[in-house]
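Read-outs: derived from the displayed coordinates by stated rules, not from any lab. Please read these numbers as outputs of a predicted model, since none were measured by experiment. Positions of Cβ are backbone-derived with ideal geometry, glycine not excepted, and every protein chain shown enters the neighbour counts.
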Amino acid sequence: MLSVVIPTHESERLLVPTLAALVPGAMSGLISEVVVADAGSSDDTEQVADIAGCRFVRMEAPLAARLRETARGTRTPWLMFLRAGCVPEPGWIEATERFIQAASTGDTQRAAVFRPPGAADLLRPGLSELLTLLRVMLGGGARPEQGLLIARRFYDVLGGHPDASEPEAAMLRKLGRRRVTMLGAGARTVG
């Protein structure tokens, strides 16, 4: 049902908690495959991906091209893009399934992101978490750290991630606030 694409470069330490958080999704049948799209790491990123059972794609191309090509090579109707270090929190499987079900029966030209940490999650906040919460509360748009869940068909219609200096942020801008739903589950960033 869902392919997860994780772009990496020298990301072995950040990749471990992200992959660990995805295990329940694979066990439930929600995740069909996880593909690590690497930019030529010299650390143990490939070994971490291999041990976790991920498909590893090495491509020394710009990030946008890596994301588009990797997505093109997946075989599911839904795509989830996560940065290494993005850790979906409990409840993410159910929230993802609800969004996919609603989008499949209604407006398929929508995407979703994980919610940033809420006020209750920020008892010992880091500065970046506080800034993210403040930006969202003041009406700011989604950030690449929140991941992206999108139907493959819609992703293809949009032309995939645009060639830009920050293709993940450019993709979210291309989608616009009206077509991006905040999932009922959060994700935190480690590292």
For this session: Before anything else, pin down the relative contact order of the chain: Cα pairs under 8 Å, at least 6 apart, normalised by residue count, whole percent.
Result: 28 percent
For this session: Could you list the GluC sites (Glu not before Pro) in region 1-90 that lie in coil according to DSSP, counting only those with at most 14 other Cβ atoms within 10 Å of their Cβ?
Result: GLU60
Exercise. How would you classify the chain from its alpha-carbon gyration tensor, with a ≥ b ≥ c the square roots of the eigenvalues: rounded for a/c under 1.5, else prolate if a/b is greater than b/c, otherwise oblate?
Worked result: rounded
Exercise. In region 45-87, what trypsin sites (Lys or Arg not before Pro) fall in a loop by DSSP, with at most 12 other Cβ atoms inside 10 Å?
Worked result: ARG75
Problem set entry | Which of ALA170, PRO90, SER11, positive extreme of dipole for region 2-189 (C-beta unit charges) | ALA170
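Add -39500 (n - 2.57) for each DSSP H run of 4 or more in the chain, then divide by its residues: what number comes out at 222 nm, to the nearest 500 deg cm²/dmol? Walk me through the numbers on the way to the answer.
Numbers: 7 runs with 75 residues, N = 191.
Rounded to the nearest 500, it is -12000 deg cm²/dmol.
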For this session: Place +1 on the Cβ of every Lys and Arg and -1 on the Cβ of every Asp and Glu in the chain, take the dipole about the Cα centre, and give the residue among LEU148, SER42, CYS54 whose Cα lies farthest towards its positive end.
Result: LEU148
For this session: Please report CYS54, CYS86 as a ranked list, fewest other C-beta atoms within 10 angstrom at the top and most at the bottom.
Result: CYS54, CYS86
For this session: State to the nearest 20 debye the size of the charge dipole of the chain about its Cα centre, where the only charges are +1 on K and R beta carbons and -1 on D and E beta carbons.
Result: 860 debye
For this session: Name the residue, out of ALA37, ALA61, ALA49, whose mean-square fluctuation peaks in a Gaussian network model built on the chain with Cα pairs under 10 Å.
Result: ALA61
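Assuming R0 = 30 Å, what is the FRET efficiency of GLU89 and ARG13, from their Cβ-Cβ distance, to the nearest 0.05?
On the way: r = 20 Å, r/R0 = 0.65.
FRET efficiency, GLU89 to ARG13: 0.95.
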Exercise. Could you put ILE93, ILE51 in order, starting from the residue whose Cβ has the fewest other Cβ atoms within 10 Å?
Worked result: ILE51, ILE93
